[in-house]
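Engineer: Quick one: this structure, given as structure tokens, is what I'll be asking you about.
The values are calculated or read from the model by the stated rules, or taken from the named source; none is laboratory data. Quick caveat: nothing in here was measured; it's all calculated off a predicted structure. All Cβ positions, glycine included, derive from the backbone under ideal geometry; neighbour counts span all protein chains shown. The protein model used for the area step is the full one, side chains on, heavy atoms only, and it has no ligands, DNA or RNA in it. Shrake-Rupley method; radii C 1.70, N 1.55, O 1.52, S 1.80 Å.
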Amino acid sequence: MAVTQLVGAKIHRREDPRLITGHGHYIDDFTRQGAAYAAFVRSPFAHARIKRIDITDASKAPGVVGVFTARDFKGQLAGTHPAAPAFVAEKKYIPERFPIAEKEVCYQGEIVAAVLADSKAQAADAANLIQVEYDELPAVMDLEKALDAKSPKAHEGAADNISWDLTYTGPEVTEAAFKEADVVVKERILQNRLAPVPMEPRGVLAEYETYDKKLTIWMSSQNPHFIRLFVSGSMGLKESQVRVISPDVGGGFGSKISPYPEDYLVPALSRLSERPVKWIETRTESMQNATHGRGQFYDVEVAAKKDGTLLGMRMTQYLDVGAYCGTFSAFQACACLMAGGAYKWKGISARTIGILTNRVPTDPYRGAGRPEATHLVERMVDLVAGQLKLDPVAIRRKNFIQPKEFPYTQNFGLVVDSGDYEKSLDRALELAGYDELRKKQADLRKQGRYFGIGLSTWIELCGFGPSAATAPATGGIALVESAQVRVTPTGSVIVYTGTHAHGQGHETTFSQIVADQLGVPYESVELRHGDTAEGTSFGYGTYGSRSLAVGGVAVSKAVGKVIDKGKKLAAHMLEAAEEDIVFERGSFHVKGSPDKSKAFGEVAFASYGMNLPEGMEQGLEAVAYFDPPNLVWPFGAHVAVVEIDAETGHVQLEKYVAVDDCGNIINPMIVDGQIHGGVAQAIAQALYEEVVYDEETGQLKTGTLLDYSIPGIGEIPAMSLDHTVTPSPTNDLGVKGIGEAGTIAASAAVINAVCDALSPLGIKHVDMPASPDRLWNMMKGARK
Amino acid sequence: MFAVQAEGKSLTTIEGMAKGEELHPIQQAFWDEHGLQCGYCTPGFIMAAAYLLAQNPNPTEDEIRKGLEGNLCRCTGYVNIIKAVKSAAQTMSGAAGKKATVAAGGN
């Protein structure tokens, strides 16, 4: 693609004027005439049998339109919660899940009743009057104990608590590597359970028009077309009867991909009550009900030679599925496939076990499987380096996949498209002043101070994805992307994409691409998304850093089709042969005669007229679907520098350097913003955040933002960023993805720095979050 | 504060910051410095920054962090919010040129 003035430039976001003036449209800004408000009664127990629900008082409360329990929804909603078999071929057990519990509740927060009232306050008050009698059952909380055949079950009557158990590659593939090894390093690595915490919680407003039999749903979603697919199916409606509109989305981070119980219940309530129905999630509902991420531990062994050559890895992922299998829960098993990181291995043995517990389900959260893989391999490489007394830089250089080896087929048969890992590492070390930092560390250690430097030379696979890989993984629908480009008679360009955005600025970046390719003013291009009634018949949503690498490329292909038609028409207008027409900078001209030309706008206008070549239909618009031939593979190198307070165990991030490579960059300002936010979310995991449940009762202890500490402005350090540019050969734009990169990279850098700081105490590994409490105890123990 | 505490007081909300099409310098700075992504927290940050700059027209990075510690953002990692507030402070005090080096952010 020709890079002209827009692609690659810092273009101000066109989303911003409405957002900085208070004119954004988030879900709670919408209402409908005559709307009723829903409130849900949720289980206070992690696991219990429902004995009786008494709705007498609630039904008589002021303003109440109706009180509804599971029975009322039986004729409204059919089927069970969708769960894609992504990445895990052999699904063992997916518990049935109806959006509202009838006999058994399996996590604290599961819905047992719904109240509709004229106002939000009346609905909330009436919900408090519903009496539910429960028989409490034992809660399954501990992953290892849950695997024991004698363990209580997360679902009564289930054979076991195993949702899946899949061995990708058995121990035989690493036998030779471990035989040859001089050292074997073992570790158990925890992945703390995290809450995505988008600043805007979820919300649903639904209006079922009884006489037209049409349903409109306004909701905060990353994935409106999938919601239409699932909800229409469950409600017995055709997709054409349902319209899903997702307006400005106040953050998602993966928690707004999959459908939720309320996404079915609120539309069903509208159909039952013949009124529009609105529900907005409270923060506590969000903490106890929106899907969580991570919640895993890994047992890992790495075999290496004395000189630091990595030979083999054996790893098992133990993943807390939660009480039900999330729609894309099994995607998190991709941590196994990515466990080798940026390095060459003779063999990797990998197994994943998905374990059912009585917690809220886990599902993709920013990075989903790939942060876990990076954390695991980057920690293990440091542990090997520590054992062999090698510098962490040296061991990485020794084992990197080399630039000339791309495309590189890794241990699981995935083909890494392009990379230059040493280049980004070199730049990161330079920016950080690595050698100086090591000198400073030596000095500070003499003073008894705990100063550490941590690296993460991360890689990622994203841009989901090729139909051959994704259609079997979702149960049939390939995660390709669609686009439509419509040119009006006066040359306005309206672009529709099946992706959506929740802060990524697609209205800006996609328009940059189109304006450049068509050579038209940026202002004449408009991007539309998030409404299933517009654009192509299906869209695939935004997650997995796929919007640009799949959706942007689909847009580019649709533009190509528009240009192709324009060439035919221009040839006719200029009385030249089509193959002699060149399109450049918004103008069609005859090869060799730039003065014989027609501007794009002239051709657009002509396309709606009468003087067309024989057989050509009026209009100038095109639809394209892009099925990427491969995934894309961003990479980079991060350096974290920390000092740990010897008295309190508090970690001070002194410096953070990130050099990332996402291929060609459309808008560097937005790319940097994505890195900042991604790194912040990984720092959050490394140092601050953890969803905590009571291990006995299954009560959520971190149900508010006072208890669940997302970082504030005082916790995230300044960052120095830079980029290398290694275009992807997979798509015409040469782009990769950047939405998740920071989160995939940074927890390993921070924890490696923490471990490096504490190494004089003989501490080799620290789990997350590396809170003052955890570190203080470890330091105290080590000093004894 | 509770609404009743505001009785008889004058309140400015995000909707009152721009004069017609002309953005308030803090809004402009958030736009220029990419101080927002999803935008949900942005009105809160802009108003908190307005209060901070009214109290302290030329805050240091530390003072900005302390002044805005009551607000949360999940998208930006705060890096560009700090940049935006520094830049707005400069514009509002009309002191272009004596800008301190901005440590945060790339490029």
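Engineer: For the range A:582-668, state which trypsin sites (Lys or Arg not before Pro) are in a DSSP loop and have at most 14 other beta carbons lying within 10 Å of their beta carbon. Intermediate values should be presented prior to the final figure.
Structural biologist: Values: sites: A:R585, A:K591, A:K596, A:K598, A:K655; in loops: A:R585, A:K591.
Answer in residue order: A:R585, A:K591.
Engineer: What does the extension gain come out to for B:E61 and B:E21, with contour length at 0.36 nm per residue minus their alpha carbon separation? Walk me through the intermediate numbers first.
Structural biologist: Values: separation 40, 0.36 × 40 = 14.40 nm, distance 2.97 nm.
Result: 11.4 nm gained on full extension.
Engineer: A further question on this structure: With a point put 7 Å past each Cα toward its Cβ, work out how far A:D29 is from B:F2 in nm, to one decimal.
Structural biologist: Spacing of the two 7 Å Cα→Cβ label points: 3.1 nm.
Engineer: Also: Counting only helical runs of four or more DSSP H residues, what would the 222 nm mean residue ellipticity of the protein assembly as shown come to if each run contributes -39,500 (n - 2.57) and the total is spread over all its residues?
Structural biologist: Values: 25 runs with 260 residues, N = 891.
Helix contribution divided over all residues of the protein assembly as shown: -8500 deg cm²/dmol.
Engineer: If you don't mind, another one. In the neighborhood of A:K701, defined by Cβ-to-Cβ distances under 11 Å, what is the net charge if each Lys or Arg adds +1 and each Asp or Glu adds -1?
Structural biologist: On the way: positive: none; negative: A:E690, A:D694, A:E695, A:D707.
Net of charged neighbours comes to -4.
Engineer: Further question: Return the ratio Rg/(2.2 N^0.38 Å) for the protein assembly as shown, where Rg is computed over Cα atoms only.
Structural biologist: Details: Rg = 27.8 Å, N = 891, 2.2 N^0.38 = 29.1 Å.
Against the empirical 2.2 N^0.38 Å value, I get 0.96 for the protein assembly as shown.
Engineer: Find the eigenvalues of the gyration tensor of the Cα atoms of the range A:615-763, then list the square roots of 5 times those eigenvalues as equivalent ellipsoid semi-axes, largest first, in whole angstrom.
Structural biologist: Details: eigenvalues 305, 94, 38 Å².
Taking √(5λ) for each Cα gyration eigenvalue gives 39, 22, 14 Å.
Engineer: Something else: I need the calculated FRET efficiency for the pair A:T490 and A:A468, taking r as the beta carbon distance and R₀ as 41 Å, to the nearest 0.05. Can you show the working numbers first?
Structural biologist: Values: r = 42 Å, r/R0 = 1.03.
The calculated FRET efficiency here is 0.45.
Engineer: Report the equivalent ellipsoid semi-axes for the range B:22-101 in whole Å, largest first, defined as the square roots of five times the eigenvalues of the gyration tensor built from alpha carbon atoms.
Structural biologist: Numbers: eigenvalues 65, 36, 27 Å².
Working through the eigenvalues yields semi-axes of 18, 13, 12 Å.
Engineer: Report the Cα-based extents of the range A:559-608 along its three principal axes, largest first, to the nearest Å.
Structural biologist: 26, 18, 16
Engineer: At what distance in angstrom do the alpha carbon centres of the range A:412-432 and the range A:515-543 lie from each other?
Structural biologist: 32 Å
Engineer: Here's something else I'd like to know. Restricting attention to the range A:196-274, which chymotrypsin sites (Phe, Trp or Tyr not before Pro) occupy a DSSP loop and are surrounded by at most 11 other Cβ atoms within 10 Å?
Structural biologist: A:Y211
Engineer: Could you work out the relative contact order of the range B:22-101, using alpha carbon pairs under 8 angstrom and six or more residues apart, expressed as a whole percent? Display every interim value, and only then the final one.
Structural biologist: Details: 81 pairs, mean separation 35.9, N = 80.
Relative contact order of the range B:22-101: 45 percent.
Engineer: Where does each of A:E575, B:E69 land when they are ordered by accessible area, with a 1.4 Å probe and the largest first? Let's see the in-between values first.
Structural biologist: Details: A:E575 165, B:E69 125 Å².
Largest accessible area first, the residues go A:E575, B:E69.
Engineer: Solvent-accessible area per residue for the range B:22-101 at a 1.4 Å probe radius, Å²? Kindly include the intermediate steps, with their values, before the conclusion.
Structural biologist: Details: 3270 Å² over 80 residues.
Here the per-residue accessible area is 41 Å².
Engineer: Here is a further query. Please give the length that would be gained between A:K305 and A:K150 if that part of the chain were fully extended, namely 0.36 nm times their separation in residues minus their C-alpha to C-alpha distance (nm, one decimal). Walk me through the numbers before you get to the answer.
Structural biologist: Numbers: separation 155, 0.36 × 155 = 55.80 nm, distance 4.15 nm.
Using 0.36 nm per residue and subtracting the Cα-Cα distance, I get 51.6 nm.
Engineer: Using a 1.4 Å probe on the protein heavy atoms only, what accessible surface does A:F626 show? Give it in Å² to the nearest 10.
Structural biologist: 20 Å²
Engineer: Which distance in nm do the two modelled labels at A:R397 and A:R49 give, with both placed 7 Å along the Cα-to-Cβ direction?
Structural biologist: Between A:R397 and A:R49, the label points sit 6.7 nm apart.
Engineer: Sticking with this structure for a sec: Am I reading the A/B interface right? What is its buried accessible area, both sides, 1.4 Å probe, to the nearest 100 Å²? Each step should come with its number before you reach the end.
Structural biologist: Numbers: alone 28870 and 7330 Å², together 32800 Å².
Protein heavy atoms only, the A-B interface buries about 3400 Å².
Engineer: Output the relative contact order of chain A, whole-number percent, from Cα pairs under 8 angstrom with separation of 6+ residues.
Structural biologist: Details: 1988 pairs, mean separation 122.7, N = 784.
Across chain A, relative contact order equals 16 percent.
Engineer: How many percent of DSSP beta bridges within the protein assembly as shown run antiparallel, rounded to 5?
Structural biologist: For the protein assembly as shown, the DSSP antiparallel bridge percentage is about 80.
Engineer: Under a Cβ-Cβ cut-off of 13 Å, what is the net charge of the residues other than A:T648 that fall near it, where Lys and Arg count +1 and Asp and Glu count -1? Provide the component values of the computation, followed by the final result.
Structural biologist: Numbers: positive: A:R774, A:K780; negative: A:E643, A:D645, A:E647, A:D773.
With Lys, Arg at +1 and Asp, Glu at -1, the net is -2.
Engineer: Still on this structure: What does the charge add up to near A:D391, with Lys and Arg as +1, Asp and Glu as -1, over the other residues with Cβ less than 10 Å from its Cβ?
Structural biologist: Numbers: positive: A:K389, A:R396, A:R397, A:R438; negative: none.
After counting each charged neighbour, the total is +4.
Engineer: Summarise the partner chain shielding of A:7-15 as one whole number: the mean count of Cβ atoms from other chains within 10 Å of each residue's Cβ. Don't jump to the answer; show the numbers that get you there.
Structural biologist: On the way: counts 0, 0, 0, 3, 0, 3, 5, 0, 5.
Mean shielding count: 2.
Engineer: I'd like the carbon and sulfur percentage of the solvent accessible area for the range A:93-135, probe radius 1.4 Å, heavy atoms only, ligands and nucleic acids excluded. Provide the component values of the computation, followed by the final result.
Structural biologist: Details: 790 of 1710 Å².
Roughly 46 percent of what the probe reaches on the range A:93-135 is carbon or sulfur.
Engineer: Which percent of the accessible heavy-atom area of the range B:22-101 goes to carbon and sulfur, probe 1.4 angstrom? Spell out each step's value before the answer.
Structural biologist: Working: 1680 of 3270 Å².
Accessible surface attributable to carbon and sulfur in the range B:22-101 totals 51 percent.
Engineer: Stretched out fully, how many nm does the piece from A:E696 to A:K446 gain, at 0.36 nm a residue minus the Cα gap? Could the numbers behind the result be given before it?
Structural biologist: Working: separation 250, 0.36 × 250 = 90.00 nm, distance 4.52 nm.
Length difference between fully extended and current span is 85.5 nm.
Engineer: Leaving out ligands and nucleic acids, and using a 1.4 Å probe, what accessible area per residue does chain A come to in Å²? Please report the intermediate quantities before stating the final value.
Structural biologist: Values: 27200 Å² over 784 residues.
Result: 35 Å² per residue.
Engineer: Only sites in a loop by DSSP and with at most 11 other Cβ atoms within 10 Å count here; which trypsin sites (Lys or Arg not before Pro) in the range A:182-273 make the cut?
Structural biologist: When the trypsin sites (Lys or Arg not before Pro) of the range A:182-273 are filtered for loop state and at most 11 Cβ neighbours within 10 Å, A:K213, A:K238 remain.
Engineer: Turning to a different aspect of this structure: With unit charges on the beta carbons (Lys and Arg positive, Asp and Glu negative) and the dipole taken about the Cα centre of the range A:251-353, which residue among A:T309, A:I280, A:Y264 sits farthest to the positive side?
Structural biologist: The residue sitting most towards the positive pole is A:T309.
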